[in-house]
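Only one structure is covered here, and it is reproduced in the block below.
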Amino acid sequence: MDITNNTTDLTIGDENLFDSERQILNQAMNDLIDPRYADNALLPRYRELAEHYRRLLQMTRKTFRISDTQGKFLQQYQHDMQSLLDHANQGFLTFGADLRVNRYYSAECLRIFGRKIRGAYIAELLDPEGEYGELADLLSRVFLADEIEGNELLKQLPPVFHINRKVVYVECKQILQPYDGINRRVIMLVLTDISDKQKAEEKIRYLSYHDKLTTLYNRAYIEMMRVELEKTEFSPLSVILVDMNGLKLVNDVFGHHEGDCLLMAMAEVLKQSSRSTDIIVRWGGDEFLILQPLTACQECEAVC
């Protein structure tokens with residue numbers, strides 16, 4: 001009776017797991033309590049066999065449940081990690097000694113490279129429009145070297161690549177990745193699209209040295225270039241000072257908008273009158289400056 005009760009407990013909440021095996025065990029338990037077999041000499045051995053079968057089935061089901069739980073946990077962990085990488089706004093990928101991109105990579109890689117990259121040749125991905133033979137040779141040498149020498153070789157990798165009209169900053173490091181029960185060395189790349197950042201920096205740099213209204217150079221640019229312009233290779237250096245008369249009156253009578261229009265028109269006149277080698281500056285207010293490297297007096301007067 002104890003065996004029967006244990007078997008009943010075994011079936012609770014099992015659903016369809018090992019359903020046929022449970023049916024066989026239940027039939028054996030019914031045979032053991034059937035009066036027709038009470039005097040059978042094999043009954044004790046049959047009972048022992050059924051008990052062992054019950055224990056084996058119970059342990060097997062427990063093992064499957066643990067395995068199933070672990071499998072679900074690993075799937076959830078993998079999903080969470082992939083989701084984390086996909087929302088990091090950075091590209092993550094790995095590749096081995098064959099220089100082919102491994103199976104898993106973040107979603108940002110699709111945007112950077114414009115296509116799926118599993119199995120793609122990493123050197124060609126990073127330098128699609130150039131000669132990537134040297135790059136491939138450098139990466140191959142990393143896998144032939146030990147870890148320390150490999151890290152030194154990776155420092156020779158250019159930090160910035162131009163990929164699909166994007167400016168991409170690339171960081172790399174060697175990591176160990178489990179594969180077929182062993183850890184193999186792979187290179188992980190972290191790719192960051194810095195196109196917008198670079199454009200913003202270029203705009204800031206441009207505005208730092210240019211007058212916003214006229215787009216001419218400003219005083220800060222001349223201060224930066226002063227030491228360079230004082231060198232003998234720019235001599236003789238001619239300077240033209242330009243002052244607009246009546247600008248304050250225009251601003252007072254017609255408004256600053258009309259005054260700005262006159263300043264922009266004046267800038268265009270200076271551009272058309274000067275040479276490509278001249279440096280035209282809005283010095284401040286209604287004052288302009290034209291620097292003429294390698295220009296003698298007569299040439300300067302001609303521009304005036």
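The values are calculated or read from the model by the stated rules, or taken from the named source; none is laboratory data. These figures come from a predicted structure and were not determined experimentally. Heads up, the Cβs are rebuilt from the backbone with ideal geometry, glycines too, and the neighbour counts pull from every protein chain shown. What goes into the accessible areas is simple: the full protein's heavy atoms, side chains included, and nothing from ligands, DNA or RNA. Shrake-Rupley method; radii C 1.70, N 1.55, O 1.52, S 1.80 Å.
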Helix 219-229 vs. the chain, principal-axis angle (Cα, 0 to 90°, nearest 10): 80
Region 156-267 - Debye-derived log10 I(q)/I(0), Cα point model, q = 0.12, 0.15, 0.22, 0.23 Å⁻¹: -0.76, -0.93, -1.17, -1.20
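Give me the number: length gained by fully extending residue 198 to residue 252, i.e. 0.36 nm times residue separation minus the C-alpha to C-alpha distance, one decimal in nm.
Numbers: separation 54, 0.36 × 54 = 19.44 nm, distance 4.09 nm.
Gain on stretching residue 198 to residue 252: 15.4 nm.
To the nearest 0.05, how large is the calculated FRET efficiency for residue 38 and residue 75 if R₀ is 41 Å and r is the Cβ-Cβ distance? Show your work: numbers first, answer last.
Details: r = 51 Å, r/R0 = 1.25.
With R0 = 41 Å, the Cβ-Cβ based efficiency is 0.20.
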Using alpha-carbon coordinates, inclination of helix 19-32 to the longest axis of the chain, degrees: 20
Label point distance in nm, residue 19-residue 302, each placed 7 Å from Cα along Cα→Cβ: 10.1
Relative contact order for the chain, counting Cα pairs under 8 Å that sit 6 or more residues apart, in percent: 11
For the chain, the Rg and Dmax computed from alpha carbons only, in angstrom: 39.9, 135
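Going by accessible area, probe 1.4 Å, with all protein chains left in place, what is the ranking of 257, 52, 210, largest first?
Numbers: 257 130, 52 100, 210 35 Å².
So the residues, ranked largest to smallest area, are 257, 52, 210.
Averaging sequence separations of C-alpha pairs under 8 Å and six or more residues apart, then dividing by the length of region 90-144, give the relative contact order as a whole percent.
On the way: 61 pairs, mean separation 17.3, N = 55.
RCO, region 90-144: 32 percent.
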Residue-averaged 222 nm ellipticity for the chain, from DSSP H runs of 4+ at -39500 (n - 2.57), nearest 500: -16500 deg cm²/dmol
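Which percent of the accessible area of the chain is formed by carbon and sulfur heavy atoms (probe 1.4 angstrom)?
Values: 11080 of 20490 Å².
Answer for the chain is 54 percent, counting heavy atoms of protein chains only.
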Surface per residue (accessible, 1.4 Å probe) for the chain, Å²: 67
Rounded to 10°, Cα long-axis angle of helix 2-11 versus longest principal axis of the chain: 30
Peptides ranked, highest mean first, by Cβ atoms within 10 Å: ranges 276-282, 162-168: 276-282, 162-168
Mean separation of Cα contacts under 8 Å, 6 or more apart, over the residue count of region 149-304: relative contact order %: 20
